[in-house]
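The values are calculated or read from the model by the stated rules, or taken from the named source; none is laboratory data. Quantities reported herein were computed from a predicted structural model and do not represent experimental measurements. Because the Cβ atoms are built from the backbone with ideal geometry, glycine has one as well, and the counts that use them run over all protein chains shown.
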Amino acid sequence: MNKLKLTTLAGLFTSTLLLGACGAENNEAAGSETAADNLDNMITVYSAGPSGLAENIQEAFEEETGIKVEMFQSTTGKILSRLEAEANNPVADVVVLASIPSMEGLKTEGKLQPYEAESRDSFHPEWSDEEFYYYGYSATALGVAYNTNQIDFLDADWSEFSEQEWQGRVTMPDPTSSGSAVDFVYGLTNANESGWDIIQSWMDNDLLVAGANKESLDAVITGDKDVVVSAVDYMTYKAKSDGEPIDIYYPESGTVISPRAAAILADAQNMEGAQTYIDFLLSDTAQEMVAEAYILPGNQSIELNDRAALDEIPTLPVDWENAEEKQIETINQFTSMN
Amino acid sequence: MLVRRQAPFIILFITISILALLPLFAVLGYTFFEDGGLSFESIRLILHNNNIMQTMQNSLLLGLYVMAATTCIALPLAVIRTKTFLIKSKWLDILFLIPFMTPPYIGSMGWILFMQHNGYYEQIFTQEAPFTFFNVAGMVFIMSMHLYPFLYLMLKNALLRMNGSFQEATLIYGGHPLLNWIRVTLPLLLSSYVMAALLIFIKTLAEFGTPATFGKRIGYDVFTTEIHAYLSRWPINISGATSLSLVLLSACMLIWYIQNIISRKYTYGIHSGKSPSTASIKDSILIRYMSIGYVSLILGLSIGVPYFSIIVTSLLNIRGEALSFSNLTLRHYGELFTVGSSSFQALMNSLSFAFAAATIAALIGFCMALYIFDAKRKSQQLLDFTSLLSNIIPGIVFVVGLILFWNSALLPATIYNTIWMPILTYIVLFLPYSVQYTKSALSQLHPSIHHSNAIFANNYSVILLRVWLPLLGQGILAGWMMTFIISMRELVGSLLILPPSVETSATFIYSQFEQGDVAKGMAMAVITVLLTILCIFLMERLQRKALHTS
């Protein structure tokens with residue numbers, strides 16, 4: 001009998017606990033409701049890097065407009081996955097991706113909301129959408145970064161990394177986690193008929209494909225590998241200015257420029273706030289912060305910070321038409337190679 | 001009357017259902033039901049995928065290798081700790097706990113930094129390592145260095161319990177000592193060994209940290225990394241993730257079933273006739289030196305090397321330059337502790353989530369343990385089994401289930417995308433610890449306590465406050481600390497379910513390795529392991545105090 005009462009007691013205990021948890025949950029729900037009432041004061045941004053810059057822009061934006069930003073920072077691939085997983089419960093207002101084809105993909109699926117920003121005319125037209133669905137507010141070029149402790153000078157072209165000399169010394173970011181690496185693989189194989197052969201010859205030469213951009217750059221900084229192909233240039237400039245033994249160049253046959261684009265989602269709960277955020281990204285204040293972080297600003301009148309200018313970078317003649325459809329194909333073909 | 005009698009069971013069962021069972025059913029439902037009808041299409045697709053067979057093979061082989069390697073490491077250790085002069089060095093057990101409690105991704109990052117080309121090994125010895133480390137053997141080595149303490153503790157306890165009449169009988173009637181070992185001691189160890197080894201196998205299958213860091217580098221995909229990739233890599237494939245989760249779930253259930261059969265068949269009554277080992281141990285000098293050498297070697301490899309790497313990395317100013325005192329700096333720690341910085345926020349998040357999860361789990365675990373008590377009735381056994389589910393089911397399966405369940409359109413309200421989601425996940429994943437710790441504290445109580453309760457107490461809140469809480473307090477607290485430590489380091493669940501703009505120390509370290517500043521990540525890792533070690537010592541003290549008082 002005693003045990004029966006005891007267990008009743010235990011049960012009561014649990015139910016109190018559960019009620020408590022429910023109460024807490026209700027509070028939480030109530031909290032988000034009040035937040036919903038004040039939608040004007042909050043936007044959610046999913047941003048594919050670059051981490052330092054995104055935070056600085058967020059801070060400056062909050063200070064200037066008084067709108068609070070909830071920021072989820074990740075890679076392009078993870079953001080796309082998250083958007084899809086949350087299709088039932090959309091949260092994000094603004095999305096920033098490091099790959100235009102992915103943005104085109106979202107546009108064709110009808111997930112974006114067009115917006116005619118005021119300052120759109122001073123921006124590089126090729127990086128933004130003609131129908132104002134997204135804006136390429138900045139861009140990075142993909143080069144070859146090398147460790148200056150191991151190599152004095154380098155200007156090899158893409159295909160030369162299949163030579164014996166480079167066996168086991170080259171690394172590259174993984175296209176499944178790096179949006180710019182997808183652009184690079186797509187660009188190289190699209191502009192160049194032997195593109196896939198070049199990549200295959202790298203693989204045969206023990207190319208290390210691991211992790212996102214920073215991971216592969218780190219392998220070269222620490223001297224584990226000597227060269228990164230498809231290295232994101234601003235990260236390299238940043239590391240170089242921090243004193244790391246690293247430098248970058250752009251192979252003569254041309255490379256891929258990967259714009260980072262921002263767009264408003266059709267499901268955005270705070271449309272006005274999202275538009276303010278886009279305006280801010282295109283403003284001179286934000287564009288100067290972009291240049292400060294060694295990134296190519298979308299507004300070309302902004303002064304660059306100690307880096308190669310756009311017209312100094314040889315580019316591959318890539319046909320970006322329908323790139324978004326071929327993107328998954330590109331990833332699949334890349335991952336099936338080894 | 002019936003309803004009243006069953007009330008505690010119903011309430012507890014509903015709790016555990018919402019926590020653990022419904023998410024598991026969500027995985028089943030998502031895989032097998034499509035547009036309202038039964039369909040085996042997605043699981044068939046998965047099983048026909050060549051990569052998946054490779055992944056399965058990788059996972060299972062890894063499990064076998066790690067099982068073998070941990071045996072080779074742990075068995076000699078257990079023998080040394082029970083048969084040589086080191087039997088008195090109880091403090092060694094705390095040291096052996098450290099590698100097990102160290103988050104596995106931190107350990108493997110430490111090894112990567114140490115062994116990579118131009119890494120710390122080459123800088124210290126100024127030559128290349130005489131073997132290649134970056135292959136499956138290296139991965140098995142790293143995982144074994146993390147998991148061996150578990151097997152060691154089980155074997156050591158089994159050997160200690162056996163130190164009695166069996167030993168004396170073999171001494172008197174047996175022949176050659178080696179033969180005695182093979183004919184008597186090893187068979188007696190078998191049931192403990194099988195149980196521990198199969199748990200190691202399951203833990204290896206469920207492990208995410210090492211495959212995600214080291215395995216990715218050598219292109220060795222396993223179940224957990226593939227499920228994670230399906231959920232977080234573009235293009236996303238949810239049914240792929242659920243199908244693969246089911247395969248993993250079935251594999252673990254099968255192993256658990258085999259383990260049950262074996263341990264039932266080969267369990268002997270070795271608890272009786274315990275007599276303290278009387279003869280003081282006299283070892284030859286050779287055995288002494290060999291024991292000390294072996295213990296230091298294992299400790300050096302499992303703690304020394306990885307801790308050296310992460311501490312040095314967290315202190316380096318310019319990572320591209322060589323190790324030297326002029327290249328050391330504390331600035332990464334400074335950034336870490338700048339109030340309001342993202343790293344500081346992540347650390348605080350981890351602490352508060354772990355605190356909340358540990359507290360709620362301790363409460364639920366306490367109620368569960370009181371109800372389960374001696375697990376004689378069917379309902380008690382059912383609850384006992386369900387509360388321990390997450391011990392045998394890999395965390396990532398629960399995480400997939402929790403995501404599906406809390407995102408389902410049928411729910412009137414959801415905690416998805418709030419901070420309650422990670423807290424709930426930690427509770428689900430680590431509830432077994434608080435249940436088990438409270439249960440073992442309960443089972444150590446003398447029956448007279450229950451009798452006196454029955455006679456003298458007339459008010460049940462009195463029993464709860466004045467009898468159970470003081471007596472079980474230390475067990476509950478030990479369970480709380482255990483939950484706290486492992487919640488703080490949990491990685492794969494946090495990666496998948498954290499709401500936007502929320503980071504924990506584990507995801508912070510992981511993302512620094514992936515995207516940001518490795519030195520800063522390693523500074524965070526040092527703080528995490530320091531907190532962990534502190535908790536281990538506190539737990540040890542608590543348990544020692546508990547032994548004194550009872």
Legend entry - Matching entry among B:242, B:213, B:185, B:224 (being modelled with pLDDT of 85 or more, over 19 Å from the mean Cα position of the chain (by Cα) and either assigned by TED's automatic domain parsing to the domain that holds residue B:88 or surrounded by 18 or more Cβ atoms within 10 Å (Cβ to Cβ) (or both)): B:242
Inset, instruction - Output the residue which, of all residues in the stretch B:339-365 that are within 11 Å of chain A (Cβ to nearest Cβ) and farther than 17 Å from residue B:424 by Cα, is surrounded by the fewest Cβ atoms within 10 Å (Cβ to Cβ). - result: B:340
Inset, instruction - Please enumerate the residues belonging to the stretch A:48-57 that are in contact with a helix residue (DSSP H, G or I) (Cβ under 9 Å, 6 or more places away or on another chain), within 15 Å of residue B:342 (Cβ to Cβ) and within 11 Å of chain B (Cβ to nearest Cβ). - result: A:49, A:50, A:51, A:52, A:55
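Output the residues belonging to the stretch A:240-255 that are buried (at least 24 other Cβ atoms within 10 Å of the Cβ) and out of contact with any Asp or Glu (no Cβ under 8 Å at 6 or more places or on another chain).
Step one: list which residues in the stretch A:240-255 are buried (at least 24 other Cβ atoms within 10 Å of the Cβ), which gives A:248, A:255.
Within the stretch A:240-255, just A:255 meets the criteria.
Against the condition crowded, with 20+ Cβ neighbours inside 10 Å, modelled with pLDDT under 85, outside any loop (DSSP other than H, G, I, E, B) and touching a helix residue (DSSP H, G or I) at 6+ places or on another chain (Cβ under 9 Å), how does residue B:320 come out, does it pass? Working first, answer last.
Numbers: crowded, with 20+ Cβ neighbours inside 10 Å: yes; modelled with pLDDT under 85: yes; outside any loop (DSSP other than H, G, I, E, B): no; touching a helix residue (DSSP H, G or I) at 6+ places or on another chain (Cβ under 9 Å): yes.
Answer is no for this residue.
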Legend entry - Close pairs from the stretch A:129-156: first farther than 24 Å from residue A:318 by Cβ, partner buried (at least 17 other Cβ atoms within 10 Å of the Cβ) and of a type in the set (S, T, N, Q), Cβ under 9 Å, at least 6 apart: A:147/A:222; A:147/B:118; A:149/B:118; A:150/B:118
Inset, instruction - List the helices (runs of 4 or more DSSP H) that sit entirely inside the stretch B:139-245 and contain at least 1 residues that are within 14 Å of chain A (Cβ to nearest Cβ). - result: B:223-232
Inset, instruction - Being within 21 Å of the chain's Cα centre (by Cα) and without any contact (Cβ under 8 Å) to a residue 60 or more places away in the chain is the filter here, so list the residues in the stretch A:326-338 that pass it. - result: A:328, A:329, A:332
Inset, instruction - Just one of (1) at pLDDT below 85; (2) part of a helix (DSSP H, G or I) trips up residue A:107, so point out which. - result: (1)
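Residue by residue, here is whether (1) under 24 Å from residue A:332 (Cα atoms); (2) in the same structural domain as residue A:264 (by TED's automatic domain parsing); (3) among the β-branched types (Val, Ile, Thr) holds:
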{"residue": "A:124", "(1), (2), (3)": "no, yes, no"}
{"residue": "A:134", "(1), (2), (3)": "no, yes, no"}
{"residue": "A:147", "(1), (2), (3)": "no, no, no"}
{"residue": "A:154", "(1), (2), (3)": "no, no, no"}
{"residue": "A:162", "(1), (2), (3)": "yes, no, no"}
{"residue": "A:168", "(1), (2), (3)": "yes, no, no"}
Legend entry - Residue list for the stretch A:58-78, filter: part of a helix (DSSP H, G or I) and either within 12 Å of chain B (Cβ to nearest Cβ) or closer than 25 Å to residue A:183 by Cα (or both): A:58, A:59, A:76, A:77, A:78
Legend entry - Test result for residue B:448, over 30 Å from residue B:333 (Cα atoms) and away from every other protein chain (no Cβ under 11 Å): yes
Legend entry - Qualifying residue in the stretch B:31-41 (condition: part of a helix (DSSP H, G or I) and of a type in the set (Gly, Ala, Ser)): no
Legend entry - Among the residues listed as A:247, A:218, the single one being assigned to a strand (DSSP E or B) and within 13 Å of chain B (Cβ to nearest Cβ): A:247
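Please pick out the residue among A:119, A:81 that is assigned to a helix (DSSP H, G or I) and within 11 Å of chain B (Cβ to nearest Cβ). Lay out the reasoning, then the answer.
Numbers: A:119 fails: within 11 Å of chain B (Cβ to nearest Cβ).
Criteria check complete, one pass: A:81.
Consider residue B:356 carefully, then state whether it is at negative phi and under 22 Å from the mean Cα position of the chain (by Cα). Write out each step before concluding.
Numbers: at negative phi: yes; under 22 Å from the mean Cα position of the chain (by Cα): yes.
When the stated conditions are applied, residue B:356 passes them.
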Legend entry - Residues located in the stretch A:187-214, provided they are within 14 Å of chain B (Cβ to nearest Cβ), surrounded by fewer than 21 Cβ atoms within 10 Å (Cβ to Cβ) and in a helix (DSSP H, G or I): A:203
Legend entry - Candidate set from the stretch B:500-550 (those that are at pLDDT below 80 and of a type in the set (S, T, N, Q)); member that is surrounded by the most Cβ atoms within 10 Å (Cβ to Cβ): B:515
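If you take just the helices (runs of 4 or more DSSP H) that sit entirely in the stretch B:415-499, which of them hold at least 3 residues that are outside the structural domain of residue B:206 (by TED's automatic domain parsing) and buried (at least 20 other Cβ atoms within 10 Å of the Cβ)? Walk me through how you get there before you give the answer.
Numbers: elements: B:420-443, B:447-456, B:469-489, B:492-497.
Qualifying helices (runs of 4 or more DSSP H): B:420-443, B:469-489, B:492-497.
Pick from the stretch A:228-244 the residues that are among the β-branched types (Val, Ile, Thr) and touching a Ser or Thr at 6+ places or on another chain (Cβ under 7 Å): which of them is nearest to the other protein chains (Cβ to nearest Cβ)? So that I can check it myself, show each step before the final result.
Taking the stretch A:228-244 first, the residues among the β-branched types (Val, Ile, Thr) are A:228-229, A:232, A:236.
Going one step further and asking which of them are touching a Ser or Thr at 6+ places or on another chain (Cβ under 7 Å), we end up with A:228, A:232.
Working: A:228: 13, A:232: 11 Å.
Selected residue: A:232.
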Legend entry - Conditions (1) more than 14 Å from chain A (Cβ to nearest Cβ); (2) in contact (Cβ under 8 Å) with a residue 40 or more places away in the chain: number failed by residue B:440: (2)
Legend entry - Those residues of the stretch A:291-335 which are assigned to a helix (DSSP H, G or I) and over 27 Å from residue A:108 (Cα atoms), in sequence order: A:291, A:292, A:310, A:311, A:312
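Any idea which residue in the stretch B:395-414 is surrounded by the fewest Cβ atoms within 10 Å (Cβ to Cβ), counting only those that are of a type in the set (A, V, I, L, M, F, W, C), assigned to a loop (DSSP other than H, G, I, E, B) and facing chain A (nearest Cβ under 9 Å)?
Kept after step one, since they are of a type in the set (A, V, I, L, M, F, W, C), are these residues of the stretch B:395-414: B:396-400, B:402-406, B:409-411, B:413.
Pick out the ones that are also assigned to a loop (DSSP other than H, G, I, E, B) and you get B:409-411, B:413.
Those still in the list that are facing chain A (nearest Cβ under 9 Å) too: B:409, B:413.
Working: B:409: 7, B:413: 11.
That would be B:409.
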